[in-house]
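S.K.: For reference, the structure I am asking about is given below.
The values are calculated or read from the model by the stated rules, or taken from the named source; none is laboratory data. Bear in mind the structure is a predicted one, so any value in this text is a computation, not a measurement. Virtual Cβ from ideal backbone geometry, glycine too; neighbours counted across all protein chains shown. Surface accessibility is based on the protein's heavy atoms, side chains included, excluding ligands, DNA and RNA. Shrake-Rupley method; radii C 1.70, N 1.55, O 1.52, S 1.80 Å.
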Amino acid sequence: TEFLRRVRLNRAHEMLSNPTPETRVTTVALACGFANVGHFARHFRRQFNEAPLVTLNRGRSRRL
């Protein structure tokens, strides 16, 4: 289960790093198989050392 969680978190990181204008943390979490956004955010922070919203905002600023 840990391996699959890391795979899903890596996919979420890709999606948040390269967002479309419609990308939201909640929709990314659900699309990657996380039913609870709080759990998603906690695991994301552990793996990437930042909150999902920080990654999303950085991705959006690169697109400007």
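S.K.: List, please: which pairs have Cβ atoms under 6 Å, are six or more places apart or on different chains, and start with a residue in region 30-43 that is at pLDDT 95 or above and end with one that is exposed (fewer than 14 other Cβ atoms within 10 Å of the Cβ)?
M.R.: Once the first residue is at pLDDT 95 or above and sits in region 30-43, its partners that are exposed (fewer than 14 other Cβ atoms within 10 Å of the Cβ) give V37/T26.
S.K.: If you take the residues in region 1-23 that are among the charged types (D, E, K, R) and closer than 14 Å to F34 by Cα, which one is least open to solvent (accessible area, probe 1.4 Å)?
M.R.: The selected residue is R5.
S.K.: Hey, among the residues in region 30-46 that are of a type in the set (A, V, I, L, M, F, W, C) and farther than 16 Å from G59 by Cα, which one's surrounded by the fewest Cβ atoms within 10 Å (Cβ to Cβ)?
M.R.: Per the criteria, the residue is A35.
S.K.: I've got another one for you. Can you list residue pairs whose Cβ atoms sit under 6 Å apart, with the first residue in region 45-62 being under 22 Å from R5 (Cα atoms) and the second being open to solvent by 70 Å² or more (accessible area, probe 1.4 Å) and among the basic types (K, R)? Count only pairs 6 or more apart in sequence or on different chains.
M.R.: Here the result reads A51/R45, each pair linking region 45-62 to a residue that is open to solvent by 70 Å² or more (accessible area, probe 1.4 Å) and among the basic types (K, R).
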